1. Taking N as the number of residues in the stretch 1-156, what is its Cα Rg relative to 2.2 N^0.38 Å?
2. Sort 143-154, 166-177, 71-82, 127-138 for me by packing, meaning the mean count of neighbouring Cβ atoms within 10 Å per residue, highest on top.
3. Glu169 versus Ile200, label points 7 Å from Cα toward the beta carbon: distance in nm?
4. Gly38: net charge of surrounding residues, Cβ under 14 Å, Lys/Arg +1, Asp/Glu -1, itself excluded?
5. Fully extended, how many nm does the chain gain between Leu129 and Lys187 (0.36 nm per residue separation, minus their Cα-Cα distance)?
6. Just to be sure I understand the model, the point goes 7 Å from the Cα along the line to the Cβ. What's the resulting Glu107 to Lys37 distance in nm?
7. Over the stretch 67-167, what portion of Cα pair distances is larger than 15 Å, expressed as a whole percent?
8. Residue separation times 0.36 nm, minus the C-alpha to C-alpha distance between Thr48 and Asn82: what's the value?
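Just so it is clear, none of the values below were taken in a lab; they were calculated from the coordinates. Model, not experiment: these values are computed from the prediction. Positions of Cβ are generated from backbone atoms using ideal geometry, with glycine treated the same way; all protein chains shown enter the neighbour counts.
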Amino acid sequence: MARGNIRERAKGSYTVTIELPRDYITNKRNQKFFTVKGTKKDAERFLTEKLREIDTGILVDTRRMKFGEFLDYWVEEYCNNNLTLNTLDGYNLYINKHIKPALGHMEIAKITPLHLQTFYSNKLKNGKLDGAGGLSRTTVRTLHRIIHCALEKAVKWQIVVRNIANSVEPPKAEKFEAKFLDEKQTKLLIEKAKGADIYIPVIIGIHTGMRRGEVLRPYMGQCKPRKRAHKSSPSTICHIKADYSFYNLKQRVV
């Protein structure tokens with residue numbers, strides 16, 4: 001049996017069919033289809049390249065890929081290279097503690113908007129890891145954003161044909177109300193911090209209103225840089241798993 005064939009769909013457009021190994025459970029025929037724009041020679045070169053990928057184990061059938069497997073791949077190949085350390089740490093927490101336990105076992109191509117809507121509703125009702133109630137709407141919106149971003153890459157990488165998260169409405173955002181220390185609480189904080197290593201950072205923060213990373217920038221020389229950080233670039237302090245480090249401010253979520 002031929003391992004692949006080429007069929008002209010229209011002028012300058014060809015369908016390339018690849019014969020993959022039969023399904024090991026049902027023994028059914030397993031094919032993968034690609035569209036190639038250009039000449040027939042371009043389609044032939046594409047077919048040759050894909051057959052070589054099969055022989056070297058690079059080309060796999062992604063239609064049965066589990067959502068959890070895809071999330072692991074997305075984090076490793078995309079998030080690790082594009083997100084700040086704080087954001088990456090948060091993504092890993094949400095993915096491993098919330099998304100994968102509920103949806104990771106499902107085939108990515110079979111997840112529907114109804115699955116996501118039910119997932120969000122369940123998290124709002126009883127989503128806390130200790131079982132003591134539901135997650136906030138803000139947290140559930142974060143889960144939605146992570147799933148949406150992951151599926152956008154799945155569409156771009158031709159693993160699924162559409163992003164089903166576009167058909168789901170996350171809960172409305174909660175109004176943020178900042179909380180501040182009053183005069184009595186501020187005096188107590190200063191008193192408790194006296195003689196401790198955090199005294200000067202606390203005083204700086206109180207009098208300037210700067211954020212933690214901004215306050216701690218003068219102390220960067222005492223922190224071990226992360227693999228992706230460069231001292232020559234604008235950096236800030238981040239807190240990852242009880243450890244302080246700094247990262248490049250130029251690296252932002254895409």
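1. Numbers: Rg = 19.9 Å, N = 156, 2.2 N^0.38 = 15.0 Å.
Output field value: 1.33.
2. Values: 143-154: 19.8, 166-177: 11.1, 71-82: 16.0, 127-138: 12.8.
Descending mean neighbour count gives 143-154, 71-82, 127-138, 166-177.
3. 5.4
4. Values: positive: Arg9, Lys11, Lys37, Lys40, Lys41, Arg45; negative: Glu8, Asp42, Glu44, Glu49.
Neighbour charge sum, excluding Gly38 itself: +2.
5. Working: separation 58, 0.36 × 58 = 20.88 nm, distance 3.56 nm.
Contour length minus the Cα-Cα distance gives 17.3 nm.
6. 3.0
7. Working: 3062 of 5050 pairs.
So the pairs more than 15 Å apart make up 61 percent of the total in the stretch 67-167.
8. On the way: separation 34, 0.36 × 34 = 12.24 nm, distance 3.25 nm.
Extending this stretch completely gives an extra 9.0 nm.
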